[in-house]
Amino acid sequence: MDIEGKVAVITGAGSGIGRATALRLARAGGYVVVADIDAAGALETVARITSGGGTGVAFCGDVSRTADVAAMLQLAEAHFGGLDILHNNAGVNCGDPSYPEAPLERWQYVLDVNLRAVILGTQLALPLLRRRRGGCIVQTSSLAGMIGWGPDPIYAATKAALVLFTSSLAHLSAEGIRVNCICPAGVNTPMLARAYQSVTAKPPEDMPVLEAEDVADGVVQLIADDSLAGRTLLIGPGLRDFAPLPPLPIN
């Protein structure tokens, strides 16, 4: 897909991976809806886009709320005339205390943001993409979803679910709609900074980390390569490869 002139919605774009991806797509000539629960962060990302000569609009909303996800996508249609790219990137972790001590309401919110919002966003985006006769969806998973993460098993479980959700939608490529998944290792983002302050979910102090721009490069690769559908791209220090294809789907 040629990004120039395409309309992209990115959740969690007020910082970190989402912001880096929004800036990359805008520099490539895309029109970007910058969505985040943090209004100030979303506006800052849009300011960076416009200062670089790009085009973006901010949306403040909570992806755990169905109405907010619907409004976010409606903004893309109302402001830019449609939707071509959706990056389901917003994510949270359990924080302190982690599971099993974490209150039910907290780990339910992790499920809602990391998994339910992705399933919902994908579902609501499909009619818009079909009207454009194709498009691209990228989910942000994590290497924790491939190998587990003892300090935060709820986070790892949601990210693992995204990998199989993605591969299960490979058949949409027959309609020109490609769904792929990015699986980064630890990334230098506000979420990782909060994890370092955690008592129960603290990463190893010597853990090598990526920069958000490294992950944005992978997202752009998944968008630009029209041969990719249902694939998971693993990114880490010294690692950039696709996970093996899953077995043939059960009919």
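Out of every Cα-Cα pair in segment 22-71, what percent are more than 19 Å apart? Within segment 22-71, distances greater than 19 Å cover 26 percent of Cα pairs. Among beta bridges identified by DSSP and lying wholly in the chain, the antiparallel ones come to about 10 percent.
Based on alpha-carbon atoms, the Kirkwood radius and the radius of gyration of segment 7-242 give Rg/Rh equal to 0.94. Shown for the chain are the DSSP H helices of 15 Å or more along their axis, judged by Cα atoms, with a mean Kyte-Doolittle hydropathy of at least 0.5: 39-51, 66-80, 117-131, 153-167, 212-224. Counting only Cβ charges, +1 for Lys and Arg and -1 for Asp and Glu, the dipole size of segment 8-90 around its Cα centre is about 280 debye. State, as an integer percentage, the relative contact order of segment 7-242 based on alpha-carbon contacts under 8 Å between residues 6 or more apart. Once divided by the residue count of segment 7-242, the mean separation gives 19 percent.
No value in this document is a laboratory result; all are computed from the given coordinates. Values in this document were obtained by computation on a predicted structure and should not be read as measured data. Don't worry about glycine lacking a Cβ; one is built from the backbone with ideal geometry, like all the others, and counts go over all protein chains shown.
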